[in-house]
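Chemist: Can you read through this structure? Questions will come right after.
Since every read-out is calculated from the coordinates, none of them should be taken as a lab result. All values reported here derive from a predicted model rather than from experimental measurement. In this analysis, Cβ positions are derived from the backbone assuming ideal geometry, glycine residues included, and neighbour counts consider all displayed protein chains.
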Amino acid sequence: MFIRGGVEMCSESELLEEKLQLVRNGIKSYPNFPIQGILFRDIFPLLQDPKAFSAVIDLFEDHLRKKFHQIDLIVGLDARGFLFGPILAQRFGIGFVPVRKKGKLPGPTLSASYSLEYGQAGVEIQSDVVQANQKIVIVDDLLATGGTLSATCELLKKVGADILECLVVIEIKALNGMKKLNSVPVHSLVEF
């Protein structure tokens with residue numbers, strides 16, 4: 001903290017830590033949900049607190065502005081990536097593209113499958129919304145096992161997009177989801 005013109009001011013690092021603390025405090029944990037032995041990390045309380053929600057968007061925006069000079073599109077994963085992605089895209093003045101669960105998008109689509117503990121699932125993107133060589137940032141709420149993010153990266157690589165990075169609010173380190181992403185960088189706000 002420093003004083004400018006008689007007013008106490010926070011340094012950039014203090015503001016960053018303050019915002020990260022708002023995010024950490026806004027994540028609620030639920031033991032044994034959805035099944036016994038799982039500790040569920042819930043981001044919905046962040047949405048109930050305007051300051052915490054703004055902190056998430058501010059932290060994502062600040063990170064991207066410092067790291068990349070050009071971003072063409074923000075891609076958000078169904079469904080929680082839809083909460084953060086459009087607002088982030090609006091701040092950059094660029095488009096937002098949804099990646100949905102299989103069977104939810106109209107028109108021609110591209111799809112990719114991924115494995116779940118109990119079977120297969122798939123994601124889709126409309127085939128004409130991302131062009132080759134566009135610089136893409138992918139946004140979601142959580143990186144756990146990496147299946148959905150990995151499938152999304154596969155989809156975007158099919159069209160020749162340049163995936164700059166994946167942004168997530170939470171990364172569950174013990175589940176090693178980064179391994180599935182084949183060197184696509186990930187930036188997380190909070191790690192457990």
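Chemist: Please go through segment 57-86 and pick out each residue that is within 21 Å of L105 (Cβ to Cβ) and buried (at least 20 other Cβ atoms within 10 Å of the Cβ).
Modeler: L73, I74, V75, G76, L77, G81, L83, F84, G85
Chemist: Given the condition in contact (Cβ under 8 Å) with a residue 12 or more places away in the chain, assigned to a strand (DSSP E or B), over 17 Å from D162 (Cα atoms) and basic (K, R), answer yes or no: does some residue in segment 84-93 qualify?
Modeler: Checked against the condition, which is being in contact (Cβ under 8 Å) with a residue 12 or more places away in the chain, assigned to a strand (DSSP E or B), over 17 Å from D162 (Cα atoms) and basic (K, R), segment 84-93 yields no hits at all.
Chemist: Hey, can you tell me all the residues within segment 107-148 that are surrounded by fewer than 15 Cβ atoms within 10 Å (Cβ to Cβ) and of a type in the set (F, W, Y)?
Modeler: Hit for segment 107-148 is Y118, nothing else.
Chemist: Something else: Take segment 149-167 and flag every residue that is in a strand (DSSP E or B) and surrounded by fewer than 23 Cβ atoms within 10 Å (Cβ to Cβ).
Modeler: D162, I163, L164, E165
Chemist: Working only within segment 65-83, note down all residues that are in a helix (DSSP H, G or I) and within 25 Å of V123 (Cα to Cα).
Modeler: Selection gives G81, F82, L83.
Chemist: Any residue in segment 26-47 that is basic (K, R) sitting within a Cβ distance under 7 Å of a residue that is part of a loop (DSSP other than H, G, I, E, B) and surrounded by 12 or more Cβ atoms within 10 Å (Cβ to Cβ)? List the pairs, counting only those 6 or more apart or interchain.
Modeler: R41/I27; R41/F192
Chemist: Has segment 175-182 got at least one residue that is closer than 19 Å to D42 by Cα and surrounded by 20 or more Cβ atoms within 10 Å (Cβ to Cβ)?
Modeler: There is at least one residue in segment 175-182 that is closer than 19 Å to D42 by Cα and surrounded by 20 or more Cβ atoms within 10 Å (Cβ to Cβ).
Chemist: Inside segment 12-33, can you point out the residues that are assigned to a loop (DSSP other than H, G, I, E, B) and in contact with a Phe, Trp or Tyr (Cβ under 7 Å, 6 or more places away or on another chain)?
Modeler: Listed by number, the list holds a single entry, F33.
Chemist: Further, regarding this structure: Would you mention how many residues in segment 143-178 are within 20 Å of S29 (Cα to Cα) and touching a residue at least 60 places away in the same chain (Cβ under 8 Å)?
Modeler: Number satisfying all stated conditions: 3.
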